[in-house]
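Note sheet for the following structure.
The values are calculated or read from the model by the stated rules, or taken from the named source; none is laboratory data. From a predicted model like this one, the values you see are computed outputs, not experimental measurements. Here the Cβ positions follow ideal geometry from the backbone for every residue, glycine too, while neighbour counts run over all protein chains shown. Ligands, DNA and RNA are excluded from the accessible area calculation, which covers all protein heavy atoms including side chains. Shrake-Rupley method; radii C 1.70, N 1.55, O 1.52, S 1.80 Å.
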Amino acid sequence: MNREVSDVIIIGAGPAGAATGAMLARQGYQVTIIEKQHFPRFSIGESLLPQCMSFLKEAGLEPLIHDAAQHLGFQYKDGATFQKLDSYTSFDFEKKFSEGPFATYQVKRADFDHLLAKGAAQFGADIRFGHAVEKVDVESDMPVLDVLNEQGEAYQLQGRFLLDASGFARVLPRLLDLERPSCFPSRKSFFTHITDKIQCDQFDRNKILITVHPESPDIWLWLIPFSDGTSSIGVVGKETQFCARLTEQETLKKYVYSAPNLAHLLQQAEWPNDVNSIKGYSADVTHLSGKNYALLGNAGEFLDPVFSSGVTIALKSASLISPLVVKYLEGEKVDFKTQFEVPLRKGVDCFKTFVSAWYTAEFQDIIFYDEQDANVKSMICSILAGYAWDEKNPYVAQSERRLKVLVDLCRM
């Protein structure tokens with residue numbers, strides 16, 4: 001079998017793979033990215049967080065995003081709103097505690113991911129679409145992959161370092177038996193893109209809208225507006241909470257139109273697209289790195305879509321791993337667990353604390369509390385904006401303890 005050699009092999013050309021590929025290719029390393037699908041392709045996770053912009057700038061990809069905002073019509077985003085029955089609260093990211101960008105975009109991921117991949121290719125990364133990883137051997141110093149292209153041609157690819165950015169495909173966790181159960185219960189989501197025809201003057205298209213379902217506080221819906229008059233709409237709940245007799249579109253419409261605020265906003269909406277579903281998406285692994293490989297973004301751990309943290313975690317993992325891979329390739333000793341896994345998990349654990357508190361309704365009690373302290377709200381706003389690694393923020397440095405105290409205060 002023919003064997004090729006590269007400095008770095010990346011599985012997956014999504015945000016984590018593209019950003020890492022761009023960072024390493026810009027420094028002159030030979031980067032080969034293996035991507036099973038062809039871009040553009042549909043994906044959810046359309047609401048970016050402002051922290052993403054710092055990582056995209058680091059990768060040299062930020063100018064592409066700002067330019068695309070003009071000719072592709074990415075929707076400007078500056079905050080998040082939440083609604084639960086008659087209670088309504090809004091977070092303006094410009095008022096966040098942490099330093100850094102306060103605005104970003106709501107994007108159709110087909111366009112966004114394709115743009116990042118093209119940017120990585122412009123920096124010199126070799127992206128091979130329609131190629132699938134069949135087998136991986138990481139026992140030797142240089143990992144070896146068995147790859148199959150769409151023409152049925154098999155070849156081997158050997159690299160000095162291997163990165164898995166395959167997202168929900170989770171190639172290395174599956175092939176190397178790294179998977180372990182998530183701490184979150186299995187949930188299911190139904191979602192699609194609609195022509196929203198929203199005519200409410202009070203509705204702010206610059207913010208994602210999260211709605212708590214009026215009958216079940218652990219069921220929630222997202223509405224992510226785009227600049228072209230369409231929106232991403234979805235519902236999330238435990239699989240047992242959904243009626244198996246209904247079609248996917250019937251299920252989504254049932255929950256959308258039983259939430260009064262969404263029923264009002266979307267009373268004239270058109271539903272031209274199929275409704276998709278995904279279940280059991282929360283995932284975890286025993287470890288995020290080995291002597292010659294590492295897992296990035298969703299390939300390692302995926303929490304839940306409620307705070308749109310997925311792309312932020314993916315890009316943070318790219319930011320952390322890239323300089324370490326450079327040191328490794330230059331012959332320096334690198335402790336990937338201490339220098340990559342531990343700092344990455346700090347932010348992930350912060351998000352995890354808030355996600356858990358959302359489903360117990362504790363965090364809902366906080367954000368819908370009538371007498372909010374502006375300073376505390378700015379700190380929470382930072383986390384919602386993606387700054388989950390800013391340990392100057394007490395609600396990052398001591399997430400669980402601080403959140404518990406705040407819950408108790410709000411419930412007194």
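I'm spelling it out carefully: the read-out is Rg and Dmax of the Cα atoms in Å, the candidates are (i) 22.5, 65; (ii) 21.5, 83; (iii) 21.2, 69, and one was derived from this structure. Which label?
(iii)
If you find the alpha carbon centre of segment 98-175 and of segment 303-363, how far apart are they in angstrom?
So the separation of the two Cα centres works out to 18 Å.
Could you state the angle between the C-alpha long axis of helix 109-122 and the longest principal axis of the C-alpha atoms of the chain, as a value from 0 to 90 degrees rounded to the nearest 10?
With rounding to tens, the tilt is 30 degrees.
Pairs Lys316/Lys346; Lys207/Lys346; Lys95/Lys207; Lys36/Lys291; Lys77/Lys197; Lys238/Lys377: which are spaced more than 21 Å apart, C-alpha to C-alpha?
From Lys316/Lys346; Lys207/Lys346; Lys95/Lys207; Lys36/Lys291; Lys77/Lys197; Lys238/Lys377, over 21 Å: Lys207/Lys346; Lys36/Lys291; Lys238/Lys377.
Counting pairwise Cα distances across segment 194-294, what percent come out greater than 20 angstrom?
So the pairs more than 20 Å apart make up 46 percent of the total in segment 194-294.
First select every other residue whose beta carbon is under 14 angstrom from the beta carbon of Ala244; then total the charges, Lys and Arg +1, Asp and Glu -1.
+2
Rounded to the nearest 10 degrees, what's the angle between the helix 374-384 long axis and the longest principal axis of the chain, both from Cα atoms, 0 to 90?
40
Please determine, in degrees from 0 to 90 and to the nearest 10, the orientation of helix 62-71 with respect to the longest principal axis defined by the Cα atoms of the chain, where the helix direction is its Cα long axis.
60
Hey, any idea what % of segment 157-223's accessible area is carbon plus sulfur with a 1.4 Å probe?
Summing carbon and sulfur atoms, their accessible area is 45 percent of the total for segment 157-223.
Where the accessible area of segment 43-116 is counted over protein heavy atoms with a 1.4 Å probe, how much of it, in %, is carbon and sulfur?
49
Which order do you get for Glu270, Glu301, Glu400 if you rank them by accessible area with a 1.4 Å probe, largest at the top?
Heavy-atom accessible area, descending, gives Glu400, Glu270, Glu301.
Taking only the C-alpha atoms, wrap a convex hull around segment 112-217 and report its volume per residue in Å³ as a whole number.
About 217 Å³ per residue, rounded to a whole number.
Please give the per residue accessible area of segment 1-71, computed with a probe of 1.4 Å over protein heavy atoms only, in Å².
In whole numbers, segment 1-71 has 38 Å² accessible per residue.
Multiplying the sequence separation of Leu246 and Ser216 by 0.36 nm and subtracting their Cα-Cα distance, what value in nm do you get?
Result: 8.9 nm gained on full extension.
Please tell me the relative contact order of the chain in percent, rounded to the nearest whole number, where contacts are Cα pairs under 8 Å and at least six residues apart.
About 21 percent, as a whole number.
On a C-alpha basis, how far is the centre of segment 258-284 from the centre of segment 201-244 in Å? Whole number, if you could?
6
Can you tally the net charge around Tyr369? Count Lys and Arg as +1, Asp and Glu as -1, for every other residue whose Cβ sits under 13 Å from the Cβ of Tyr369.
Net local charge, Tyr369 excluded: -3.
How much area per residue is accessible in segment 94-244 when the probe is 1.4 Å and only protein heavy atoms are counted (Å²)?
43
When the accessible area of segment 294-412 is split by element with a 1.4 Å probe, what percent falls to carbon and sulfur?
51
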